[in-house]
Amino acid sequence: MDEQQERHYNIPKLNRIFAIASLVLLFTIIWMFASDYSREWKEYQRAFRNLEIEKTRVRYDAEINKLKKQPEFQALQEKLQVAQKEIATQHSNLIGVQEEIKNLETQNSLLTQEQKLTRSVLDATKYEYEEALRKDPEHASIVGKQYDDLEKKIANLKLAVEQSDANLSTKQKTVDDSQTKLKELEKEEKTLTKQISILERKLKKIDPDQMSVANLVADLIRDQPIIDFANPNYKIEQIVLKDIKDDVVFMEVPKVDRCTTCHMGIANPDYKNAPQPFTTHPHLELFVAKDSPHPLDEFGCTVCHGGRGRGTDFISTAHKPSSDEQKKKWEAKYHWHDFKSWEKPMYPMPYVEAGCFQCHAGQTTIKGAEKLNLGLQLIEKSGCYACHLIDKYKEWPKPGPDLTHLPSKTTKEWTYHWLQDPKSFRHNTWMPSFFNQSNSNDAESLARSEQEIHAIVQYLFEKSTEFSLGNMPTWGDPKKGEEIVASLGCFACHQIQPEKSKRDATRQALRREHGPNLIGLGTKTTKVWLYNWLKDPNRYHPETRMPNLRLTDEETADAAAYLVQNEVSDFNNTAIPAVNEMIIDKIVQDFLGKTATQDEAKAQIAKMSLDEKLTMAGGKLIAHYGCYSCHTIKGFENVKPIGTELTQEGSKPAEKLDFGFIDMEHSPHAWFTQKLKDPRIFDRGKIKAPDEKLRMPNYNFSDEETEAIVTAILGFVKDAPESKIKPRTAKNLSIEEGQKIIRQFNCQGCHIIEGEGGAIQPAIAEWLVKFDNRTENEAQSLVTSVSPPNLVGEGKKVQSEWLFNFLHQPLPIRPWLKVRMPTYHFNATHLNALVKYFSALDGQDTFTEKADHVMPPEEFTAGEKLFSKDYFDCAQCHIVGDKLPSGSSEKWAPNFALARTRLRPEWIIEWIKNPQALLPGTKMPNFYDPQNFDSSGPEDILKGDENQQIRVLRDYILTLSGSEGKLSAPAQPTTPTQPANVSKEEIVPKEEDVPKEEVVPKDEVVPKEEVVPKDVVPSTQPEK
Amino acid sequence: MEEFKHFINIISRPKIIFPIILTLFFFVFPPTDLLFNINQKLRLHKIWTKKGGIILFSLFILFFLFGLTDPNFKLIVTKPDNVPIVGLIFLTFFFLWYSMKQAYDNDTKIAEGKPPKEADDAKEKVLVWPDLVYVEFICLILCSALLIVWSIFLKAPLEEPANPAISPNPSKAPWYFLGLQEMLVYFDPWLAGVVFPTVIIFGIMSIPYLDNNPKGCGHFSFKERKMAVSIFLFFWLVLWVFLIVVGTFLRGPNWNFFGPFEFWDIHKLEPLANINLSELVYMIVLKQKLPTNILLREIGGILALIAYFGLLPILLAKTIFREVYNRLGALRYSIFMILLLMSAGLPIKMFLRWAFNIKYIIAIPEFFFNI
């Protein structure tokens, strides 16, 4: 049979198909390799290498030019040349020597060789000899002889080798000696060119133009596919963080950050202006750099920034665009899309500070995270934490005023208008708007809202309790009142700002808004109420943070008379819609229907009077809207807040947020932004019953404020990396606790603490111009000296016990200041926390031992001299007991009588030595020159020993309280139970004769034992 | 075009498409002589000619290409997980057509008294090497190349570690289990997940013992094995491939049904208005309270089930299945009928659910026994 017929297919044709198929497979395999090999990050690494070569070349050239210009280098070069020439001249002499050395070396090696061989023969013979001795004694003598000969030979050889070695080293030395100088010079050159040779080595490693041939070949080969497993140029860089775990749900894995694979210049300051992804980190002083608080090796990148550290391409790392434009750009450039499956996507740049919060949650302000700080402060100010539980703010006071005595303060009409639209009364109020919002501005909702407000007002007035208003002694003089309000320090927390203006999105601005804008008080309340409020705020509202300014009755009346002048015209005159019983019935029915049947509810409603219905509906509505979260309201003492808990809100994935029918980006930050801009927006397009509607009120935040708050919310995450959280030491805890109280009571409204605050200063400058007849420029230069003091170093400066007493019951230290430290309603916890805070801040123990100095007479005279007019003339500025300084009051300084109880003795020494170092810009002159300390004191006292002089002066000052601190004013002991009474007559004088009666040395006024109840004494133990 | 898409979306609803497919199927693959005659009269067998195949195939591709212009359709069809299912549709269609064409060609030949095409093949001698192995090897190479290219273009759709906080919606089984997952919509897990798969395996194992038709062996033929081919294709095409296609392309978030051109809206809600047979009988028809006695309550369903498995086989044996009964004998016939009726239970239940919102025929949640 024919071969061909046995074949079903045409074999040559199959062969061709086979060939083509094989080629196709080959091609696809090559393609697969290429596709697998070409990774996005390799492109970046290549680009970075070129950049690096370029930078290194430039630096290399610059270094060389710099070196060439150095005179030392030029001199060295000359010396080198001379030395080289010298050696060249000696060259002919040395030739003979070198020849000899060569010969000697040959001889030497021959001898050593022979020695080695002979020794091995000797060892063998030794064995033979020993064997023979044991087995064949006759033969032994012959072998023994051989052995002896060999031993002799070895001894000779050893001698010869030693001689040859000695010869060689003497010859070698003569050669070496002639070159020592050159070698030293070369060594010197090396130290000079160290930097250059580092760069040169680097270039040789990376720059193909500078490489050796072997390196060039290696460079070409090492990155080829398959071979690149060994030691490639381009490889994934990673930082493994064993102490930070990524939660991948069913297990925890160490965090691995590969970001530096592409972001190659992140830690190198040379790449500041390089394009992304090579740009240097913008804050190397805080992050990434080795000596920063967050070095790259310990923190990585994603623990702060979020994102997927293990990813090695643009998308799988969960990059997030900062804006819509950037998103569009990325989509075009990288085919960017959201990487949904990663729970912690990167924070978009505007919210990047959110990453700080997880570890710094305890701090009140986080240095370097200004937006986050603003966000947190806005959350505090707006009282978000009142409705939304936030762990950080668990113990914070309610942000709104007490409403239990409302009728004594205002009218039903005012309350109605206020609830309807708070901003029409006070444009910058922090009370948010509940009604007429985007989901409740249709006619039906508006009609219902009107009745709801009626009901709430009814409840508030019905359930309130009596508050007895004390009578005013006089009707008050508004003119005087204006000056009191302007000068005493009210403007640290309040403003009087009738015009609508955009709030500055700064924390300083928020400090000035700590209390309400004092407009429209005449419309809102009465002079009598204001009088009673100012006289003792805690009587009306026990939880208030408004302090007592210790005003006299007349002053209080004046201030009340002034404040009540400001009215919002027509606010109370707008008509209030009548109560509509039908709608009220419906509201009551809606609420009752939740627990009772429709018929039962109807029957119950039929039994109630209109007022009862209103009160009932009001109570339910207050619960519904959560008014009680911010305000103290009767009947809601222990009710839980209504909002969603926000403690871990930043970890919520977008899937758990209801975007409703709003067409927008589905990401948490976009949702929070939208929610803050219009809290009711996600109701749009939904059909809901009135009580199902969203009810978060509108604060009308500006874009900047919204962004700051969203930053803070995004920072509220679960699973903070425990190993990186700021250590929970007693010191840190004390500082955090103190910061919290300082924030709550707005201490920074007046004082500068930790370098921040002093918000009152512009108001003081204004007062100087308006009431003290200063020019604008004078006011600016004077303002720091007539403002409340900067509290830098307070812990070092004052004694804890004094600070405790002072905070409890302040006494004037700087009587020339108009602005005064008010009496706060601090409890023992507050006081202890503050004392500990200041001590911890300056690294002091809370208590230091107080040594009572008995001064030897000669030291006393020396101190007296230094104090006197002839030397430092301390009394020129400082008040001493009841003696006032002669100059104008803005030059005055604190009373020495206070020093013994108030100041820490060691601080006084530091202070006299160099006041500028402790408090830059202080009025206190430098008597001793810190630059030239040893010769700056007067020579004729204590033999010119400066340290002794200062000590003696300090000791002298400490005696002053007793000896010269006699008082004209009678001392009045006070107790903590009646702190407000102290100030009335004794301490606060009339305006004409400011200081005389006011100067009260502390230890005479307040007997220590009485002020500090035993259980209130600050303890050195940290609170747990 | 929008109207057309809307129309397709509407007829894709199970309530409509399932009855259509069910009726159409038995005309295209007629199991009995009566239906076969109608099939011939309607000239439906013309599908299995070259011309018919090309026309149908072109229409199919045309629809697919048209679909790609729609963003929703494109999104679902081009998803890396779903691309193989698109391939499955085309391959199933092609091989179905190819085998049916050969079957009909053979049927014509046999009708003319000629031997089937395969008879010629048997005469020819073909060597393993090179005719078989060489060709297989070339196929292997080309398939490898195809898989490599595929993997370069469509990266393996691997995802991040599973996360209970973000469960994918819809959560879908692997494609080959989508039929089972679809069954879970209509039956309790013990039935859909345990009993039915077991019965399916035993049923397939028993086919050689049940089928004693000696005709059509060793060659493609439809006419000689109408019932066997029809039953097989019904389960393969309708209850397996169709359900996979439905599960892949038409089941969206919350396992809701979406037309091929519909946006997968996660908020779409469908009324949960399903009722049990007992409720239908007592509350809607008789307007009574449900009896407290379980047996009394479920008596309707129990009777229906008894009738279905007990009376129906007898009735069928006396009427249209008389011939089958005669050929198989009593024992084989009973096993065959039980298997057939159980399998038919699925489409029947699906139909009852879609058409009448029937949740369970027998609902005894007290004993976790729901059918």
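Coordinate-derived values only; no laboratory data. These numbers were taken from a predicted model, which means no experiment stands behind them. For neighbour counting, all protein chains shown are included, and Cβ atoms are generated from backbone atoms with ideal geometry for every residue, glycine included.
Divide by every residue of the protein assembly as shown the summed helix terms, -39500 (n - 2.57) for each DSSP H run of at least 4, and state the resulting mean residue ellipticity at 222 nm, rounded to the nearest 500 deg cm²/dmol. Please list the in-between numbers first.
On the way: 58 runs with 715 residues, N = 1395.
-16000 deg cm²/dmol, from helical runs alone.
On a 19 Å Cα-Cα criterion, which of the cross-link pairs B:Lys125/B:Lys215; A:Lys367/A:Lys724; B:Lys15/B:Lys349 come out too long?
Numbers: B:Lys125/B:Lys215 25 Å; A:Lys367/A:Lys724 16 Å; B:Lys15/B:Lys349 12 Å.
From B:Lys125/B:Lys215; A:Lys367/A:Lys724; B:Lys15/B:Lys349, over 19 Å: B:Lys125/B:Lys215.
Quick one: order B:Ile200, B:Ile358, B:Ile20 by neighbouring beta-carbon count within 10 Å, fewest to most. Intermediate results must be reported in sequence, preceding the final value.
Numbers: B:Ile200 17, B:Ile358 20, B:Ile20 10.
Least to most surrounded, the residues fall as B:Ile20, B:Ile200, B:Ile358.
For the residue pair B:Glu366 and B:Ile284, what label-to-label distance in nm results when each label sits 7 Å from Cα along the Cα-to-beta-carbon direction?
With each label placed 7 Å out from Cα toward Cβ, I get 2.4 nm.
Mind checking the dipole of region B:271-371: about its Cα centre, +1 per Lys or Arg Cβ, -1 per Asp or Glu Cβ, Debye to the nearest 20? It would help to have the intermediate numbers written out before the result.
Values: 10 positive and 4 negative charges, 40 e Å.
The calculated dipole for region B:271-371 is roughly 200 debye.
Per residue of region A:876-888, in order, report the coupling 6.51 cos²θ - 1.76 cosθ + 1.60 (Karplus, θ = phi - 60°) as ³J(HN,Hα) in whole Hz, putting x for Gly and Pro.
Those phi angles translate into 5, 10, 7, 7, 10, x, 9, 8, 9, x, 7, x, 6 Hz.
Can you give the FRET efficiency for B:Lys215 and B:Leu88, using 1/(1 + (r/R0)^6), R0 = 35 Å, r = Cβ-Cβ distance, to the nearest 0.05? Spell out each step's value before the answer.
Details: r = 31 Å, r/R0 = 0.89.
E between B:Lys215 and B:Leu88, to the nearest 0.05, is 0.65.
In peptide A:23-29, how many Cβ atoms from other protein chains are near each Cβ within 10 Å, on average? Before the final figure, lay out each step's value.
Values: counts 2, 7, 8, 2, 3, 10, 3.
Going residue by residue through A:23-29 and averaging, the value is 5.
In degrees between 0 and 90, to the nearest 10, how far off the longest principal axis of chain A does helix A:598-607 point, with axes built from Cα atoms?
The angle comes out at about 40 degrees.
For chain A, compute the orientation-averaged projected area of the C-alpha convex hull (one quarter of its surface), in nm². Walk me through the numbers on the way to the answer.
Numbers: hull surface 343.2 nm².
Its Cα hull, projected and averaged over all orientations, spans 85.8 nm².
Other chains near B:148-155: what is the mean number of their Cβ atoms within 10 Å of each residue's Cβ?
Values: counts 8, 6, 1, 3, 6, 1, 0, 0.
Mean number of neighbouring Cβ atoms from other chains: 3.
Check the straight Cα-Cα distances from A:Lys398 and name the aspartates and glutamates below 14 Å, setting aside those fewer than 8 residues away within the same chain.
Straight-line reach from A:Lys398, under 14 Å: A:Glu380, A:Glu543, A:Glu637.
Rounded to two decimals, what is the ratio between the C-alpha radius of gyration of chain B and 2.2 N^0.38 Å? The partial results should precede the final answer.
Numbers: Rg = 23.9 Å, N = 371, 2.2 N^0.38 = 20.8 Å.
Dividing the Cα Rg of chain B by 2.2 N^0.38 Å gives 1.15.
What does the charge count around A:Pro762 come to, taking other residues whose C-beta lies under 13 Å from its C-beta (Lys +1, Arg +1, Asp -1, Glu -1)? Before the final figure, lay out each step's value.
Values: positive: A:Arg511, A:Arg512, A:Lys770; negative: A:Asp504, A:Glu766, A:Glu776.
Net local charge, A:Pro762 excluded: 0.
If we count other beta carbons within 10 Å of each Cβ, what is the order of A:His454, A:His388, fewest first? Mind dumping the intermediate values first?
Details: A:His454 25, A:His388 22.
Arranged by neighbour count, lowest to highest, A:His454, A:His388 become A:His388, A:His454.
Can you work out the Karplus-derived ³J(HN,Hα) for every residue in region B:70-75? Use 6.51 cos²θ - 1.76 cosθ + 1.60 with θ = phi - 60°, whole Hz, and x for glycine or proline.
8, x, 5, 4, 4, 4
Can you tally the net charge around B:Lys51? Count Lys and Arg as +1, Asp and Glu as -1, for every other residue whose Cβ sits under 15 Å from the Cβ of B:Lys51. Before the final figure, lay out each step's value.
Numbers: positive: B:Arg43, B:Lys46, B:Lys50, B:Lys101; negative: B:Asp105.
Combined, the nearby Lys, Arg, Asp and Glu give +3.
Can you work out the Karplus-derived ³J(HN,Hα) for every residue in region A:940-954? Use 6.51 cos²θ - 1.76 cosθ + 1.60 with θ = phi - 60°, whole Hz, and x for glycine or proline.
Coupling constants for region A:940-954: 8, 10, 6, 6, x, 7, 4, 4, 5, 4, 5, 4, 5, 4, 4 Hz.
Relative to the first principal axis of the alpha-carbon coordinates of chain A, what is the inclination of helix A:324-334, with its axis defined by its Cα atoms, in degrees from 0 to 90 and to the nearest 10?
20 degrees
Search the structure for amide H atoms under 5 Å from the amide H of A:Asn790, placed 1.01 Å from N in the peptide plane, and list their residues when 5 or more places away or on another chain.
Sorted by chain and number, the residues that satisfy this are A:Ile752.
Tell me which lysines have Cα within less than 16 Å of A:Lys602's Cα, excluding those fewer than 8 residues away on the same chain?
Once the sequence-local lysines are set aside, what remains near A:Lys602 is A:Lys586, A:Lys594, A:Lys613.
Suppose each label sits 7 Å from its Cα in the direction of the beta carbon; what would the A:Glu54-A:Ser316 distance come out to in nanometres?
Roughly 3.0 nm, to one decimal.
So what are the three principal axis dimensions of region A:857-973 from its Cα atoms, in whole Å, longest to shortest?
Each principal axis gives a Cα extent; for region A:857-973 these are 47, 36, 26 Å.
Students often forget the sequence filter, so: which lysines lie under 21 Å Cα-Cα from A:Lys943 once same-chain residues fewer than 8 apart are removed?
Partners found: A:Lys865, A:Lys869, A:Lys913.
How much of the calculated P(r) for region A:186-236 lies past 15 Å, in percent of all Cα pairs?
Working: 729 of 1275 pairs.
So the portion of pairs separated by more than 15 Å is 57 percent.
What are the DSSP H helices in chain B that stretch 18 Å or more along their long axis, judged by alpha-carbon atoms, and whose average Kyte-Doolittle hydropathy comes to at least 0.5?
On the way: long enough: B:14-28 (20 Å, 2.21); B:50-68 (27 Å, 1.93); B:83-111 (42 Å, 0.71); B:133-153 (30 Å, 2.42); B:196-210 (20 Å, 1.81); B:322-356 (37 Å, 0.78).
What comes out of the filter, once short or polar helices are dropped, is B:14-28, B:50-68, B:83-111, B:133-153, B:196-210, B:322-356.
Kindly express, to the nearest 10 degrees and within the range 0 to 90, the angle between helix A:443-462's C-alpha long axis and the longest C-alpha principal axis of chain A.
Relative to chain A, helix A:443-462 is tipped by roughly 70 degrees.
Give me B:Arg13, A:Arg545 ranked fewest to most by other Cβ atoms within 10 Å of their Cβ, as a rough exposure proxy. Walk me through the intermediate numbers first.
Numbers: B:Arg13 14, A:Arg545 17.
So the ranking, lowest neighbour count to highest, is B:Arg13, A:Arg545.
Kirkwood Rh over Cα pairs of region B:271-371 into Stokes-Einstein at 25 °C, 0.890 mPa s: D in µm²/s? Write down the numbers at each step before the final one.
Working: Rh = 15.2 Å.
Approximately 162 µm²/s, per Stokes-Einstein.
Averaged over peptide B:163-176, how many Cβ atoms belonging to another chain are found within 10 Å of each residue's Cβ? All intermediate terms of the calculation are to be shown ahead of the outcome.
Working: counts 8, 2, 7, 9, 1, 2, 1, 0, 0, 0, 0, 0, 0, 0.
Shielding by partners across B:163-176 averages 2.
Do the alpha carbons of any pairs in A:Lys55/A:Lys205; A:Lys656/A:Lys718; A:Lys524/A:Lys675 sit beyond 20 Å of each other, and which pairs? Please report the intermediate quantities before stating the final value.
Details: A:Lys55/A:Lys205 14 Å; A:Lys656/A:Lys718 15 Å; A:Lys524/A:Lys675 31 Å.
Result: A:Lys524/A:Lys675 exceed 20 Å.
Can you list the residues, at least 5 places off or on another chain, whose amide H is less than 5 Å from the amide H of B:Phe369, using H built in the peptide plane?
B:Ile364
Rounded to the nearest 0.05, what FRET efficiency do A:Ile196 and A:Asp324 give with R0 = 41 Å and r taken as the Cβ-Cβ distance? Could you check? Don't skip to the answer; put the middle values down first.
Numbers: r = 49 Å, r/R0 = 1.20.
It comes out at approximately 0.25.
Going highest first, how would you order A:780-787, A:556-563, B:77-84, A:349-356 by mean Cβ packing within 10 Å? Provide the component values of the computation, followed by the final result.
On the way: A:780-787: 17.8, A:556-563: 25.6, B:77-84: 14.8, A:349-356: 21.9.
Per-residue Cβ counts within 10 Å, averaged per peptide and sorted highest first, yield A:556-563, A:349-356, A:780-787, B:77-84.
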